[in-house]
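Working notes, structure below.
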Amino acid sequence: MHSSLNLVSIIALIGVLSSSIYYLFCLWSAATFLRGRRTFANFLPPVSILKPLKGVDPEIYESFRSHCVQDYAEYEIIFGVSDPNDPAIESVKRLRCEFPQKKIQLIECRKILGTNVKVSNLIQMLPTARYEHLIVNDSDIRVSDDYLRRVIAPLANPRVGMATCLYRGIAANALGSRLEALGISTDFVPGVLAARQLENGIRFGLGSTLAFRRAELEKIGGFPAIVDYLADDYELGKRIAALGLTVELSDVIVETHLPAYNLRGFFAHQLRWARGIRDARKAGYLGLLLTFGTFWALLALIASRAAAWAWAALAITLLLRYAVAFVVGGSVLQDREGVVFAWLIPVRDLLAVAVWILSLAGHTVTWRGDRFYLKNGRLSRTPP
């Protein structure tokens, strides 16, 4: 028994050390991102914004409306629905009434062209887009009035194939929603910044914003090439990067208003997200095991029977963990709610370990009420 506890203590200590190195790397990556913010030339091409819809998200109208008050000369917004009775249509109609001068289209995408209905909609929306420069973002994204100017600017450089954005979650008054928002600010975004630094740039896109040219989209086979993938945003960025172009992480920070998740809803969403990342970045996802600092520090404390060194390891781990949370959540994302609810971070960290373990144990995901099987990033209605 004593030797087993010693072995667990050693393993836990290795986990603490690897996590501490990771946290320091995240801090360096965040500092590099903040220092590297720069302005681009006054590049203002006409833009088509494509927004596929399914159902109503929290504060969806305000999110739509934020796209209509852009300080930008020429752009259009194209919404797409697969169900003619989708409740989101009412918000689009209201938007047209408030902004009759704006170019706003609503496309009924009656064909189901693949298992990813969002991408199926995009295939049917694209022919109506008038412009060469395209932006795809999720229906729940709210933006500032300088969003278009700043996010399209990197595409002035012909070597940049895509621009994408970090985002902060605005939580509803529910525990699951708070945990989700904390995960975005203190876990997911630090990971994106670390990947950017480690890989000398990112090789994927984020659904919060995907800005690219029609020419590059055609070179990768268009939207049909990714119509069966769960992580369509990831695949789009990956394939554009494979053309030898860079994916630029814009300095624009956008917002997503999260549903009032209970714990069950939180777990379901996290599990879908985790399995999507697992299939898209297998090696990196397995490597996450070495970044669960709170878990490893608590395990060391238990296995060592509360030895002094284990208390010190826990204190250092939490210090670094909170430093990442405040630097990334506070300085990079300006997420004030994340700072207020930072006391929940240890709870969120332990739940993340549970989600990571569960994500390895199956291949099913639930997305917008539909159940799918996942294999090598692709969605299927039948078991693989």
Can you name the residue in segment 72-86 that is under 26 Å from the mean Cα position of the chain (by Cα) and of a type in the set (D, E, K, R) and is also surrounded by the fewest Cβ atoms within 10 Å (Cβ to Cβ) among such residues?
-> D83
Tell me, yes or no, whether segment 321-339 has at least one residue that is modelled with pLDDT of 90 or more and in contact with an Asp or Glu (Cβ under 8 Å, 6 or more places away or on another chain).
-> yes
Do you know which residues across segment 1-58 are at pLDDT below 90, closer than 19 Å to R196 by Cα and either among the small types (G, A, S) or surrounded by 13 or more Cβ atoms within 10 Å (Cβ to Cβ) (or both)?
-> G36
What number goes with the only condition from (1) in a helix (DSSP H, G or I); (2) under 30 Å from V117 (Cα atoms) that A361 does not pass?
-> (1)
Is it the case that some residue within segment 266-281 is at pLDDT below 95, within 30 Å of C165 (Cβ to Cβ), in contact with a Pro (Cβ under 9 Å, 6 or more places away or on another chain) and not assigned by TED's automatic domain parsing to the domain that holds L17?
-> yes
Go through L286, L249, L245 for me and flag whichever is more than 15 Å from the chain's Cα centre (by Cα) and assigned by TED's automatic domain parsing to the domain that holds D138.
-> L245
Report those helices (runs of 4 or more DSSP H) wholly inside segment 253-319 carrying at least 3 residues which are touching a residue at least 24 places away in the same chain (Cβ under 8 Å).
-> 263-280, 293-303
Quick check: is even one residue across segment 229-250 more than 30 Å from D145 (Cα to Cα), modelled with pLDDT under 90 and surrounded by fewer than 20 Cβ atoms within 10 Å (Cβ to Cβ)?
-> no
Every listed condition ((1) under 16 Å from the mean Cα position of the chain (by Cα); (2) part of a strand (DSSP E or B)) holds for S185 save (2)
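The values are calculated or read from the model by the stated rules, or taken from the named source; none is laboratory data. Predicted model, so just to flag it, every value in this text is computed and none were measured. Glycine also receives a Cβ, built like all others from the backbone with ideal geometry; neighbour counts cover every protein chain displayed.
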